[in-house]
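The values are calculated or read from the model by the stated rules, or taken from the named source; none is laboratory data. Bear in mind the structure is a predicted one, so any value in this text is a computation, not a measurement. Neighbour counts run over all protein chains shown; Cβ positions are idealised from the backbone, glycine included. When the accessible area is computed, the model is the full protein with side chains, heavy atoms only, and any ligands, DNA or RNA have been set aside. Shrake-Rupley method; radii C 1.70, N 1.55, O 1.52, S 1.80 Å.
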Amino acid sequence: VKELVTRMNGSIQVDSAPGVGTTFTVELPLPLAQPPQQAAPAAAAEPTRSLDGVTVLLTEDNALNMEIAQFFLQDAGASIIQAWNGQQALDIFQSSRPGEIDVILMDVMMPVMNGLEATRAIRAGENPLGQTIPILAMTAQDAREAAQECKDAGMNDYLAKPVDPDRMAEKILHWTRQQAETSSPAQPAAT
């Protein structure tokens, strides 16, 4: 430590007393940081999109990825149902009732049943909501290749990993709003 402090043109002091303890004081001459540039007010004021009232079936086999995605989703107001592989996601979705799940976030590469297989099974399954539920892939694959593969499996969209929380919220809101618009009954025209 003394050598590093000396190389940085600093000083180190030691005060020690038996039975009392030791205090190390390091002083380093560092340049003052420049004040940060003022950010544009619109950019600074843009909040994370709210997912209040949205229930997400979060399908992810990696515990750390699950924890991170769950934190961001819950921080934005979403409720989470966890599935650790495609088969669990399929089972949870098939036994769900209308209004219990608003959107599915589906990891693509998982054991037991991958996200593409699970999506195909949900789309072809017995739960009639499987035809319309928004399913968004979460993948680390190449964007163009992943987009087509996910679309072919029946997914609505995809998020590239590592997932950006604002982008995730934006896509979830887009697809849940679109789902709500297409599933609400047409209002009669006013006369």
To the nearest 20 Debye, how big is the dipole of the range 42-174 about its Cα centre, given +1 on the beta carbon of each Lys and Arg and -1 on that of each Asp and Glu? 240 debye
Net charge near Asn65 (other residues with Cβ under 9 Å of its Cβ; Lys, Arg +1; Asp, Glu -1) is -3
Rg/Rh over Cα atoms for the chain, Kirkwood Rh, comes to 1.26
Find, among the GluC sites (Glu not before Pro) in the range 117-167, those assigned to loop by DSSP (not H, G, I, E, B) with at most 16 other beta-carbon atoms within 10 angstrom. Glu126
Could you point to the residue in Ile122, Tyr158, Ser79 farthest towards the positive end of the chain's charge dipole, with +1 and -1 charges on the Cβ of Lys/Arg and Asp/Glu respectively? Tyr158
Tell me, what ³J(HN,Hα) does each residue in the range 16-30 have, in order and in whole Hz, if you take phi through Karplus 6.51 cos²θ - 1.76 cosθ + 1.60 with θ = phi - 60° and put x for Gly and Pro? 9, 9, x, x, 10, x, 10, 10, 9, 10, 10, 10, 10, x, 10
Provide the percentage of antiparallel DSSP beta bridges, counting only those with both residues in the chain; round to the nearest 5. 30 percent
Around Ala89 (Cβ within 10 Å, Cβ-to-Cβ, excluding Ala89; K/R +1, D/E -1) the net charge comes to -3
Mean accessible area per residue over the chain (1.4 angstrom probe, all protein chains present, square angstrom) is 64 Å²
Provide the descending list of Cα extents for the range 89-142 along its principal axes, expressed in whole angstroms. 33, 19, 15
